[in-house]
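What follows draws every value from the coordinates through simple rules; no lab data is involved. Given the structure is predicted, the values throughout are model-derived calculations rather than measurements. Positions of Cβ are backbone-derived with ideal geometry, glycine not excepted, and every protein chain shown enters the neighbour counts.
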Amino acid sequence: MSERKYFGTDGVRAVAGEFPLTAGWVMQLGAAAAEVLKREHDRPSVVIGKDTRQSGDMLEAALAAGLTSRGVTVIHLGVLPTPGVSYLTRHLGANAGVVISASHNPYEDNGIKFFGRDGQKLSDATELEIEAALEDAAQRAPVTGVKLGSVTNYTEAERLYVQFLLEQAPDLSGLKVAMDCANGAAYRVGPKVFQAAGADVFAVYTTPDGRNINRGCGSTHLEHLQRIVREGDYDLGVAFDGDADRALFVDSRGNVVHGDHMLLLNARARGDRAVVTTLMANMALEVKLREAGIPLERTAVGDRYVHERLQQQALTLGGEQSGHILFLDKSPTGDGVLTALLTLRAMQQLGTTLDALFDELVMFPQTLVNVRVGDKKAIARDEAVQLAVRQAEARLRGRGRVNLRPSGTENLIRVMVEGPDEAEIHEVAQHLAQVVEERGRVGA
């Protein structure tokens with residue numbers, strides 16, 4: 001399959017106003033997407049949602065102009081979490097959905113991500129079709145008159161999404177929750193759902209101004225939430241990112257409860273036959289799941305790879321430490337508010353607390369050494385390096401793990417060793433790094 005020129009692992013993303021996220025190019029993108037949709041539907045409909053970034057209005061208008069210029073009906077959902085757009089795409093029977101967001105990035109960035117009618121991210125093949133249609137724009141006959149599309153505003157979007165979330169919510173009566181909404185897409189939905197479920201909610205970062213999304217707040221900046229929880233005597237804190245497709249918790253003492261903790265808790269409560277996570281998940285999670293009789297499968301880093309493995313193995317639970325958790329029996333995409341609700345449901349079901357969960361899942365020490373090399377791919381395949389890795393794994397004898405991989409962006413080999421004995425894993429990592437460095441000099 002050919003390489004995509006504009007679409008990355010999570011749609012088209014760039015600084016808003018700079019190519020390719022200019023109004024003119026985004027309008028062309030909308031027209032190209034319309035042509036691809038029209039290959040299967042005479043009068044397709046597309047729902048569009050966005051987060052709170054200043055540039056969202058401009059990109060939304062440009063995309064809608066391109067879509068309607070080729071005969072597509074556009075339904076504006078307004079500000080809504082990414083998973084809410086996925087849900088409304090399915091609920092309204094739209095042919096596609098679009099999210100205008102750059103997730104946890106700063107406000108200057110933005111992005112455009114398409115969903116298919118099933119609420120899942122478009123396949124690489126379909127994104128390639130859209131890119132090809134971009135190149136064929138000059139050959140298309142104009143669309144005029146009644147064949148042009150139209151735009152409507154769907155004012156029930158938030159209510160329907162909140163209703164869906166409440167159907168999954170446990171009774172939160174008596175629970176005192178601090179909530180960080182990141183000045184993002186969940187600034188209304190998050191507090192509304194938790195309050196309707198019975199929780200006493202103190203929500204912060206709920207006043208977006210277009211430029212403060214993720215700024216010192218949200219799931220990537222937990223310091224303020226930790227302080228609020230500790231000083232305010234809250235049972236727990238929960239934080240979302242800018243588009244609310246992930247969530248992280250803070251226990252009553254201010255400790256961060258991340259994706260590894262949530263996967264363990266939910267797997268136990270649900271009785272999943274296996275869990276999928278990435279190479280970065282701590283080995284402590286693997287050990288605890290093994291004790292519960294639940295195998296752990298690892299993929300490359302990235303939620304798209306977790307999603308692919310879940311589908312391949314007909315599994316439903318997976319995710320990453322970042323709090324991007326997938327419950328494919330509930331939603332086809334990561335959903336921060338849903339993740340928080342289901343985690344609290346699991347907590348109640350097992351009669352435990354986030355404090356107890358944090359204390360139980362003691363993370364194994366981890367050492368990461370970056371070694372600069374000339375040809376990272378050749379070094380990763382080098383026989384002497386591979387032998388050193390096997391010897392390191394034999395030394396750890398299942399008590400730890402070794403991961404050696406080329407950097408995706410630099411000429412580096414990343415040597416990661418993890419295990420219960422910090423001194424031992426440091427020694428193993430340094431030895432491996434030395435072998436990599438020596439082999440790099442030989443091949444230079």
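About its Cα centre, the range 1-48 has a charge dipole of approximately 40 debye under the convention of +1 per Lys or Arg Cβ and -1 per Asp or Glu Cβ, with nothing else charged. Of all DSSP bridge pairs formed entirely within the chain, close to 55 percent run antiparallel. Largest first, the three principal axis extents of the alpha carbons in the range 353-444 are 53, 29, 18 Å in whole numbers.
Think of the chain as having a plus end and a minus end, set by charges on the Cβ of Lys, Arg, Asp and Glu; of Leu342, Gly84, Leu148, Leu148 sits farthest toward the positive end of this dipole. Among Met347, Met416, sorting on how many other beta-carbon atoms sit within 10 Å of each Cβ, with the fewest leading, yields Met416, Met347.
Here the Kirkwood formula puts the hydrodynamic radius of the range 159-360 at 16.7 Å, using every distinct Cα pair. Calculated translational diffusion coefficient of the range 12-155 (10 °C, 1.306 mPa s; Stokes-Einstein with Kirkwood radius over alpha-carbon pairs) equals 107 µm²/s.
Taking +1 at the Cβ of each Lys and Arg and -1 at the Cβ of each Asp and Glu, which of Gly190, Ala132, Thr9 sits farthest along the dipole of the chain towards its positive end, judged by Cα position relative to the Cα centre? Going by the charge dipole, the pick is Ala132. Given a cut-off of 31 Å, name the pairs among Lys192/Lys288; Lys5/Lys192; Lys192/Lys330; Lys113/Lys192; Lys288/Lys376 whose C-alpha atoms lie farther apart than that in the structure shown. Lys192/Lys288; Lys5/Lys192; Lys288/Lys376, as the Cα separations exceed 31 Å there. Listed values for the range 415-420 are Karplus-derived 3J(HN,Hα) couplings in whole Hz (6.51 cos²θ - 1.76 cosθ + 1.60, θ = phi - 60°), namely 9, 10, 10, 9, x, x, and x replaces Gly and Pro. Once the mean of 1/r is taken over each pair of separate Cα atoms and inverted, the range 155-232 shows a Kirkwood hydrodynamic radius of 13.2 Å. Put simply, when 388-394, 274-280 are sorted by average Cβ atoms within 10 angstrom per residue, most first, you get 274-280, 388-394.
With all projection directions averaged, the alpha carbon convex hull of the range 192-278 covers 7.0 nm². The Cα-based radius of gyration of the chain, divided by its Kirkwood radius, gives an Rg/Rh of 1.00.
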